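The values are calculated or read from the model by the stated rules, or taken from the named source; none is laboratory data. Computed from a predicted structure; not experimentally measured. Backbone-built Cβ (ideal geometry, glycine too); neighbour counts: all protein chains shown.
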Amino acid sequence: MKVRKLVLTATPVLIVLGALTAVLAWSRTAPVFSGTVAITFTERGLDRPDKKISVTDAREVQRILGTIHLKRKDSCQCSHLHEVTFLKPAGQIEVSICEHCFAVLGAKKNGWYPHVRDYWMPTQFYSEFRKLALSRTNEHWHVQP
Ligand SMILES: [Zn+2]
Ligand SMILES: [Zn+2]
């Protein structure tokens, strides 16, 4: 009887501890991009339709993933025109980008985005994006040539 009561009181505490541990682990570990089957770059248009470039070729996706080396940075309040979606079978990772930010929004779960984690934009990744954007010569993406 005593043991049972102890278990019942301990359960909510364990649940809270478990959630806390998950949150802490999540904020410490870098996002996992492996398993990505498609990378989509989007330019948000305020008064025009969004522009999109999708990379679905498996080798091309792997090559681009290979350019992502992340280092944490503090958030800077700059506004971003571009987003990158990493599509994985289990969901997707949304990243908001500019020339110096790589802000991970995390996988959307039940309509909820986990906190943004800010990283420095990996130079090579941005130049891959710029190359793709500039190759769409008649779409006029907002990237520096
Ligand atoms: Zn900034
Ligand atoms: Zn930025």
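Restricting attention to region 65-107, and to residues there that are of a type in the set (Gly, Ala, Ser) and within 16 Å of ligand 2 (Cβ to nearest atom), which single residue is surrounded by the most Cβ atoms within 10 Å (Cβ to Cβ)?
Ala103
Here's a check for you: in region 120-145, which residue that is of a type in the set (A, V, I, L, M) and at pLDDT 95 or above is nearest to the chain's Cα centre (by Cα)?
The extreme case among them is Met121.
Consider only pairs whose beta carbons are under 6 Å apart and that are at least six residues apart or on different chains; among these, list those whose first residue lies in region 71-91 and is more than 19 Å from Leu46 (Cβ to Cβ) and whose second residue is part of a loop (DSSP other than H, G, I, E, B) and at pLDDT 95 or above.
Qualifying pairs under 6 Å: Phe86/Thr36; Leu87/Val37; Lys88/Thr36.
Give region 119-145 a look and list any residue that's among the acidic types (Asp, Glu) and buried (at least 19 other Cβ atoms within 10 Å of the Cβ), or say none. Explain how you work it out, then say what you get.
Step one: filter region 119-145 for residues among the acidic types (Asp, Glu), giving 128, 139.
Correct list: Glu128 only.
Identify, by number, the condition in (1) surrounded by 12 or more Cβ atoms within 10 Å (Cβ to Cβ); (2) modelled with pLDDT under 95; (3) hydrophobic (A, V, I, L, M, F, W, C) that Trp112 doesn't meet.
Of everything listed in (1) surrounded by 12 or more Cβ atoms within 10 Å (Cβ to Cβ); (2) modelled with pLDDT under 95; (3) hydrophobic (A, V, I, L, M, F, W, C), Trp112 misses just condition (1).
Scan region 45-64 and tell me whether some residue there is within 16 Å of ligand 2 (Cβ to nearest atom) and touching a Phe, Trp or Tyr at 6+ places or on another chain (Cβ under 7 Å).
The answer is no, given that none of the residues of region 45-64 is within 16 Å of ligand 2 (Cβ to nearest atom) and touching a Phe, Trp or Tyr at 6+ places or on another chain (Cβ under 7 Å).
Check off (1) modelled with pLDDT of 90 or more; (2) touching an Asp or Glu at 6+ places or on another chain (Cβ under 7 Å) for Phe102 and give me the number that stays unchecked.
The one condition Phe102 does not meet is (2).
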